[in-house]
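Single-structure report; data block below.
The values are calculated or read from the model by the stated rules, or taken from the named source; none is laboratory data. In this text, all values refer to a predicted model and were calculated from it rather than measured experimentally. Reconstructed Cβ throughout: ideal geometry from the backbone, glycine too, with neighbour counts over all protein chains shown.
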Amino acid sequence: MARYKDARCRLCRREGKKLFLKGERCLAGVKCPFDRQEKPKAYPPGDHGFRRTKYSNYGIQLREKQKVRRIYGVLEKQFRRYFSIAERRKGMTGENLLRILESRLDNIVYRLGFATSRAQARQLVSHGHILVNDKKVNIPSYLVKEGDVIAVKEKSRNHPFILRAMEIFPTPSVKWLVRKEGEFEGRVDHLPEREEIPVSVEEHLVVEFYSKV
């Protein structure tokens, strides 16, 4: 499976916004290069990153699309497929797209507090540590449904990544997921509405971007 292998902090610099891609290090503040007071690398990476750039409308839409894609750790081909699915569903295409991305199993594991980042959650799922409705699922892109129960496998409940994450996030970070503090099992109460998705993006710009390509 293709995946991004370069330094993740470069992605935050590229988008000019903290994307929380490195888990606990992003939360620590002082350890995050993007949070340093002097901000020596607050400009985009690359030889010409320090130059001011005035984006066209297309450039603004492209940057927003890239931001959403990088937050959820999805490559372009799969992201475009999610957009096609969102277009065919009833309702606002942008909101449908975010709802699909939030429904990915790796994101659910992260939101439930079993991992400190989506990348770490993706690794836990791929290595078979997660159950969905008592069945092992090792596909990070698996889309969960309302009522699904997501749990950590019995033999994996002493995993240091999981224990540390549950210490940092004792309860889910969103209201549409349910998990009691200290428990290794959570449930999808309902699929989220836009106001229940704590991601600061302008999804309408992504829709506008794909309407031109």
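A few remarks follow.
- When 111, 157, 99, 88 are checked against the criterion of being buried (at least 23 other Cβ atoms within 10 Å of the Cβ) and either closer than 23 Å to residue 66 by Cβ or of a type outside the set (Ser, Thr, Tyr) (or both), a single residue qualifies: 111.
- Test: residue in region 169-192 that is assigned to a helix (DSSP H, G or I) and surrounded by fewer than 16 Cβ atoms within 10 Å (Cβ to Cβ): no
- Checking residue 131 against (1) touching an Asp or Glu at 6+ places or on another chain (Cβ under 9 Å); (2) assigned to a helix (DSSP H, G or I); (3) at pLDDT 95 or above, the condition it does not meet: (2)
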